[in-house]
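Here is the structure we will look at, set down as structure tokens.
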Amino acid sequence: MSSSSDQNDLNSSSSLSKLPLRNIPGDYGLPFFGAIKDRLDYFYKQGREEFFNARMHKYQSTVFRANMPPGPFMASNPNVIVLLDSISFPILFDTSKVEKRNVLDGTYMPSTAFTGGYRVCAYLDPSETNHALLKRLFMSALAARHHNFIPLFRSSLSELFTSLEDDISSKGEADFNDISDNMSFNFVFRLFCDKYPSETALGSQGSSIVTKWLFFQLAPLITLGLSLLPNFVEDLLLHTFPLPSIFVKSDYKKLYRAFYASASSILDEAESMGIKRDEACHNLVFLAGFNAYGGMKALFPSLIKWVGSAGEKLHRELADEIRTVVKAEGGVSFAALEKMSLTKSVVYEALRIDPPVPFQYGKAKEDMVIHSHDAAFEIKKGEMIFGYQPFATKDPKVFENPEELLKYVYWSNGRESDNPTVENKQCPAKDLVVLLSRVMLVEFFLRYDTFDIESGTLLLGSSVTFKSITKATDS
């Protein structure tokens, strides 16, 4: 007998098959000039959210054609089919139908000079041999360190909170982003290398080195928002030609050497699997620096921003739940975390509203028909498909029903209800990032009752400044 969820899926599939076939609306404009126009709209004239909103309303469709930055002269083909609803979006995770080769950053790929000359795992399609090998290595490395996740992160958070309190006391406010970045890199390095980065040649500069390295790769997707810099100058500097890797070459070497000298157990395992030691190390640097640290750099400020903006009522409810469960369980453990339903929900809501991986790309492997809520659309083999996650994860036709939350959270290259395997592009550290977010809230509300912040935007994420913090009166 089929389950009710199976029956719902059958009913849904039957309904979708009856939708009318519609030509994909929109166009790419004149060659070269159309891409430039869309790039200027995206960064300067409309901004990212309005860029998609305006076209969605213009075409009365959540599926349409457009050009995605950076365009000329960095991307040979900026033409994409945009997906903005929760029905069409999941096609981007079906690796039997879409190719994920070199699409991590979209329609362009940074030079492999940023990664030691290798196409690292994140740029490989699952059909490529090295993908399975490298992903198996990463999953093994994380599994071996599973017991360390909570105690190591709690230790890192203790240092973060000390810095936070010191800055508020001495300056009247604290820049959460800088403090969080330092904590995040220290945690990641300690997790993989069993030592502080300050014990290596990186010193205290680890997070700033990685941030610089990330900026040079992601500059084509960024606007600095500087009033003193004319838009056309910024567009020429960041979006027209790739920034040369030579400017971060020495920094990257320092980063690579620190991991090479300190992560010997992981690199030994890689060699036993048939992976070259230097290739494994370049991939480890990317996993630690781009995937893990880069994800935390976006996620933690966003999490604090949304919790902070929710106000004291939510703060009291979180503190009550967290302190009650920790007292009953005798400490912070995996079992205790599972009993904190509100804390878990808040983390997932933050991921849904503001996913740290907002863009998904894939190239159609075959002719196919996709569906939105209202129509069916034909996509030809070789066409680039693009999805903007914040629209899909806030689809108004879905999220009136809170029970659907887990099904439609896609933040880590797949559904939250899916697990990483060597056959998909799901982030190998997906569960770790969710876990760390929950531990951050737990540790925060064990120490504090409430807090006030100011938030804004910062390149590809949120900026958060703590204005005040109230220590726990009941713990």
Inset, instruction - Please report, as a whole percent, how much of the solvent-accessible surface of region 226-366 comes from carbon and sulfur atoms (probe radius 1.4 Å). - result: 59
Inset, instruction - Just read off the accessible area of VAL332 with the full protein assembly in place, 1.4 Å probe, to the nearest 10 Å². - result: 20
Legend entry - Solvent-accessible heavy-atom area per residue, rounded to whole Å², over region 280-410 at 1.4 Å: 39
Legend entry - For region 153-222 and region 445-462, distance of Cα centres in Å: 16
Legend entry - Amide H contacts under 5 Å for PHE386, placed H, 5+ residues apart: ILE81, VAL82, LEU83
Inset, instruction - Can you pull a Stokes-Einstein diffusion coefficient for the chain at 20 °C (1.002 mPa s), Rh from Kirkwood over Cα pairs, as a whole number of µm²/s? - result: 91
Inset, instruction - On the protein heavy atoms, probe 1.4 angstrom, tell me the percent of accessible surface of region 43-173 carried by carbon and sulfur. - result: 48
Legend entry - Karplus-derived 3J(HN,Hα), 6.51/-1.76/1.60, for each residue of region 434-439, Hz, glycine and proline x: 5, 4, 5, 5, 5, 5
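Compute the relative contact order of region 125-233 as a whole-number percentage, counting only Cα pairs closer than 8 Å that sit 6 or more residues apart in sequence.
Averaging sequence separation for qualifying contacts and normalising by length gives 18 percent for region 125-233.
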Inset, instruction - Take every Cα-Cα distance within region 84-243, group them into 5 Å bins from 0 onward, and report for each bin the whole-number percent of pairs it holds. - result: 1, 7, 11, 12, 15, 17, 16, 12, 7, 2, 0, 0
Inset, instruction - Once every Cα of region 247-349 carries one equal point scatterer and solvent is ignored, give the base-10 log of I(q)/I(0) from the Debye formula at q = 0.14 Å⁻¹, two decimals. - result: -0.77
Inset, instruction - Rounded to whole Hz and in sequence order, give me ³J(HN,Hα) for region 125-138 from the Karplus expression 6.51 cos²θ - 1.76 cosθ + 1.60, θ = phi - 60°, writing x for Gly and Pro. - result: 7, x, 6, 7, 3, 5, 4, 5, 4, 5, 5, 4, 4, 5
Inset, instruction - Using only the alpha carbons, work out the radius of gyration and Dmax of region 186-247 in angstrom. - result: 15.8, 46
Legend entry - Residues whose placed amide H lies under 5 Å from that of GLU99, excluding near-sequence neighbours: LYS363, ALA364, LYS365
Inset, instruction - Could you tell me the distance between the Cα centroids of region 306-365 and region 275-302, to the nearest Å? - result: 23
Inset, instruction - Would you mind checking the pairs LYS254/LYS305; LYS45/LYS297; LYS305/LYS467; LYS45/LYS97; LYS253/LYS276; LYS37/LYS305 and listing those with alpha carbons more than 23 angstrom apart? - result: LYS254/LYS305; LYS45/LYS297; LYS45/LYS97; LYS37/LYS305
Inset, instruction - Send over the Kirkwood Rh of region 77-126, from the inverse of the averaged 1/r over different Cα pairs, rounded to one decimal Å. - result: 12.5
Inset, instruction - Just the Kirkwood number for region 23-109, please: inverse of mean 1/r across all distinct Cα pairs, in Å, one decimal. - result: 13.7
Inset, instruction - Please give the per residue accessible area of region 135-215, computed with a probe of 1.4 Å over protein heavy atoms only, in Å². - result: 41
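The values are calculated or read from the model by the stated rules, or taken from the named source; none is laboratory data. Bear in mind that the values here come from a model prediction, so they are computed numbers and not experimental data. Surface areas here come from the heavy atoms of the whole protein model, side chains and all, with no ligands, DNA or RNA. Shrake-Rupley method; radii C 1.70, N 1.55, O 1.52, S 1.80 Å.
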